[in-house]
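Here's the structure, in structure tokens; my notes come after.
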Amino acid sequence: MPDLGPAVETTLRRCLAVRGGEEVVVIADPPKRSIGEALRDGAAELEADAILIVIDERAEDGSEPPAAVGAALSACDVFLAPTTKSLTHTEARRAASQAGARGATMPGATEEMLARVMAGDFERMAARSRVVAELLDRGASAHLSCANGTDLTLNLTGRGGTADDGNLREPGAFGNLPAGEGFVAPVDAVGRLVPSTLAGLGHADERPALTIADGRLADADGAVGKRFWKLLEPYGDLGRNVAELGIGTNESATVTGNVLEDEKVLGTVHVAFGDSAGLGGMVSVPIHLDVVVTDATLAIDGRPVLDAGRFVLDA
């Protein structure tokens, strides 16, 4: 088994700055219980009042936890959620952040991933994330392409960029761990998207073509594309909303088929569908699924950020 000690230390001390006497709530489901136990034990060693709550695996990313768990999240100082399905885009998580709890979700994280990716150069990753977020914040338009046929234009006007840089020390601070991206909730998007990996489906050996019109997923070609459409279909028009444009900034991350890590890989771009309310957008729906474009070329207001997977923005 990988040694989780350094990753736990980085998470609790560097990212969240857990202090003695604070109340720390760790939410895990059975497949992620060992990670939850390691985080709870690490917080206890820092003399925090730490508890582990084990819940049943949620049906989908964005499905709400039990109401009692939501109450616990809002009442604590710090929360961590290593779960199989994401709690990021839930009302329970948003309420906890609004109540001042600082925390991180870790959907799909594995021991191996945390031991490897959380050991990277955090300062360099954080600097990249901030530079990307500032450019997204000022940007009006982004253009994404790749050799597989991606050709997507996104309207960013008036939307704030955010750096997912692992700094979660202030009250109400929230992010994913492992960290490493800059992201924004687009206003609109149009074009074609050909991803390499998709949330809930992993690697796409036969890469799907996703057609986007009026800020919505309008069509999905190929067997993988049709499977992805079915994941979003129960949530109607809002489930197909283009919710996020994100740029990976973590050079320790590699493409594995696990979107939590894939979307952080330096040189990749991810686009998400569904909920955008937690990212500064206007759509609230209990689903948020990312797809990742590898070897991406990206420009914001004409300024190159990535060139065929190579990060060319100064940071």
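The values are calculated or read from the model by the stated rules, or taken from the named source; none is laboratory data. If you're wondering where the values come from, they're calculated on a predicted model, not measured in any experiment. Here the Cβ is made from the backbone with ideal geometry for all residues, glycine too, and neighbour counts use every protein chain on show. Quick note on the areas: whole protein, heavy atoms, side chains included, nothing else; ligands and nucleic acids left out. Shrake-Rupley method; radii C 1.70, N 1.55, O 1.52, S 1.80 Å.
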Next on the checklist: Just to confirm my filter: which helices (runs of 4 or more DSSP H) fall fully inside segment 211-315 and include at least 2 residues that are among the basic types (Lys, Arg)?
Outcome noted: 222-232
Checklist outcome for this item: The condition from (1) more than 17 Å from ALA179 (Cβ to Cβ); (2) open to solvent by 30 Å² or more (accessible area, probe 1.4 Å); (3) over 19 Å from the mean Cα position of the chain (by Cα) that ARG13 misses is numbered (1)
Checklist entry - Among the residues of segment 188-208, is any within 20 Å of the chain's Cα centre (by Cα) and among the hydroxyl-bearing types (Ser, Thr, Tyr)? => result yes
Checklist entry - What are the residues in segment 210-229 that are open to solvent by 10 Å² or more (accessible area, probe 1.4 Å) and at negative phi, if any? => result THR211, ALA213, ARG216, ALA218, ASP219, ASP221, ALA223, VAL224, LYS226, ARG227, TRP229
Next on the checklist: Looking at ALA315, ALA308, can you tell me which residue is among the aliphatic types (A, V, I, L, M), at pLDDT below 95 and open to solvent by 50 Å² or more (accessible area, probe 1.4 Å)?
Outcome noted: ALA315
Next on the checklist: Yes or no: segment 100-114 includes at least one residue that is more than 19 Å from GLU263 (Cα to Cα), open to solvent by 10 Å² or more (accessible area, probe 1.4 Å) and either out of contact with any strand residue (DSSP E or B) (no Cβ under 7 Å at 6 or more places or on another chain) or among the polar types (S, T, N, Q) (or both).
Outcome noted: yes
Item to check | Members of segment 288-301 that are touching a strand residue (DSSP E or B) at 6+ places or on another chain (Cβ under 8 Å) and at positive phi | outcome: ASP301
Checklist outcome for this item: The condition from (1) over 17 Å from GLY281 (Cβ atoms); (2) modelled with pLDDT of 95 or more that ASN155 misses is numbered (1)
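Which of the following residues is open to solvent by 30 Å² or more (accessible area, probe 1.4 Å) and modelled with pLDDT under 95: ALA119, ALA140?
Sole residue among the options that is open to solvent by 30 Å² or more (accessible area, probe 1.4 Å) and modelled with pLDDT under 95: ALA119.
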Next on the checklist: Among the residues that make up segment 244-256, is at least one of them in contact with a His (Cβ under 6 Å, 6 or more places away or on another chain) and either buried (at least 24 other Cβ atoms within 10 Å of the Cβ) or not small (Gly, Ala, Ser) (or both)?
Outcome noted: yes
